[in-house]
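Note sheet for the following structure.
Read-outs: derived from the displayed coordinates by stated rules, not from any lab. For clarity, every value in this text was computed on a predicted model and none was experimentally measured. Reconstructed Cβ throughout: ideal geometry from the backbone, glycine too, with neighbour counts over all protein chains shown.
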Amino acid sequence: VYIEVKPPIYIAEPSFHTALNSTNSTASVESDVVVYASDYTRYGVDTSVATIPLTAYSALVDKASGTVVAKSSPVGFDLTENHNVKVHLSMAVQNPNLWSPSQPNLYNLEFFVSRGSTLVDEYIENLGFRTMTVSNGRFHLNGNRIFVKSVNYSADYPGEGAAVREVQLEKDVAVIKTLGANAIRVVAYPPSQELLDLCDRFGLMVSEEVPLVDAPPSVLQSNRYRSSLRSYL
């Protein structure tokens, strides 16, 4: 059981998409963040005006050096109590360090919301720049052919089942990496965010299954159902 404590105005549901140019010398990061406002009068927030003016921005930090390598332009918006606003942020990155199993270079994608000069909330995501393509039946990572050496993985510990602690996940990922694997296939269920973060850090690609088991043809033929599957992907 996890208990999250959030400020009266907070960032939630960030999503981002990266793209590399043909030479991998420039990358773009397009992000969408949703900023929520709760019943903030209970927290002593000044509500003498109908809406609160806020500013959102993002920054990209190289994990290895701690250097800020890119920032988005700040975006101003107004937020009303018990409402939310989606904000789009974008930035360009020059000469990004690419992620691969042999060199799992990672960045922190950091989101901030401020009210004037006061920081209201921040949110951090892992980010790795990479491209994956298939050409003539061969898999390419960052434009280079790579042979996928994968193992099946299913978290299941005696007495705990799939409720695996992060320290146990890290032990498993480290063992898989020392076997010489460069990928894992998570069997039968979507992987947790903790498992995905560990694979990013250790240098393992992940094959994730769509959570679809024994669906009858009548369901699969439904346009609404197929649309939901595409959205999940």
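By how many nm would the segment from Thr178 to Ser22 grow when fully extended, if each residue of separation counts as 0.36 nm and the alpha-carbon distance is taken off?
Additional length available on full extension: 52.9 nm.
What's the angle, to the nearest 10 degrees (0 to 90), between helix 223-232's Cα axis and the longest principal axis of the chain?
The two axes meet at around 90 degrees.
To the nearest 0.05, what FRET efficiency results for Thr55 and Ser218 with a Förster distance of 45 Å applied to their C-beta separation?
Using R0 = 45 Å, I get an efficiency of 0.35.
Beyond 21 Å, what percent of the Cα pairs of the chain remain?
That fraction is 67 percent.
Pick out which of Ile184, Ile52, Ile176 has the largest mean-square fluctuation in a Gaussian network model of the chain, springs linking Cα atoms closer than 10 Å.
Comparing Ile184, Ile52, Ile176 in the GNM, the peak value goes to Ile52.
Along the range 80-92, what does the Karplus equation 6.51 cos²θ - 1.76 cosθ + 1.60 (θ = phi - 60°) give for ³J(HN,Hα), rounded to whole Hz, x for Gly and Pro?
Running phi through 6.51 cos²θ - 1.76 cosθ + 1.60 with θ = phi - 60° gives 9, 3, 6, 10, 9, 9, 8, 10, 9, 10, 9, 8, 10 Hz.
Once phi is turned into ³J(HN,Hα) by the Karplus curve 6.51 cos²θ - 1.76 cosθ + 1.60 with θ = phi - 60°, what whole-Hz value does each residue of the range 146-152 show in order, with x for glycine and proline?
After applying 6.51 cos²θ - 1.76 cosθ + 1.60, I find 9, 8, 7, 10, 10, 10, 7 Hz.
Report the Cα-based extents of the range 116-199 along its three principal axes, largest first, to the nearest Å.
Principal extents (largest minus smallest coordinate, Cα): 53, 42, 24 Å.
If you average over every viewing direction, what projected area does the convex hull of the Cα atoms of the range 94-157 give, in nm²?
Averaged projected hull area, Cα only: 8.4 nm².
Per DSSP H run of n ≥ 4, the term is -39500 (n - 2.57); total these for the chain, divide by its residue number, and report the mean residue ellipticity at 222 nm rounded to 500 deg cm²/dmol.
-4500 deg cm²/dmol
What is the extension gain from Val187 to Phe77, computed as 0.36 nm multiplied by their sequence separation minus the C-alpha to C-alpha distance, in nm to one decimal?
35.3 nm
Give the separation of the Cα centroids, the range 147-178 to the range 48-118, in Å.
That distance is 32 Å.
5 Å is the cut-off here: which amide hydrogens, built 1.01 Å from N in the peptide plane, fall below it relative to Ala70, excluding neighbours closer than 5 in sequence?
Those qualifying (amide H under 5 Å, at least 5 residues apart or on another chain) are Leu60.
For the range 179-184, what does the Karplus curve 6.51 cos²θ - 1.76 cosθ + 1.60, with θ = phi - 60°, yield as ³J(HN,Hα) per residue in whole Hz, taken in order and with x for Gly and Pro?
6, x, 6, 10, 7, 10
Name the most mobile residue of Arg115, Arg130, Arg138, meaning the one with the largest mean-square fluctuation, in a Gaussian network model of the chain with Cα contacts below 10 Å.
Greatest mean-square fluctuation among the candidates belongs to Arg138.
Which whole-number percentage describes the relative contact order of the range 111-223, with Cα contacts under 8 Å and a sequence gap of 6 or more?
18
If I fit a long axis through the Cα atoms of helix 193-202 and take the longest principal axis of the Cα atoms of the chain, what angle between them do I get, 0 to 90°, rounded to 10?
Long axis of 193-202 versus the principal axis of the chain: about 60 degrees.
Just the Kirkwood number for the range 187-233, please: inverse of mean 1/r across all distinct Cα pairs, in Å, one decimal.
Hydrodynamic radius (Kirkwood, Cα only) of the range 187-233 equals 12.5 Å.
Note down, for the range 50-173, the three equivalent ellipsoid semi-axes (square root of 5 times each alpha carbon gyration tensor eigenvalue), biggest first, whole angstrom.
They are 35, 24, 14 Å, listed largest first.
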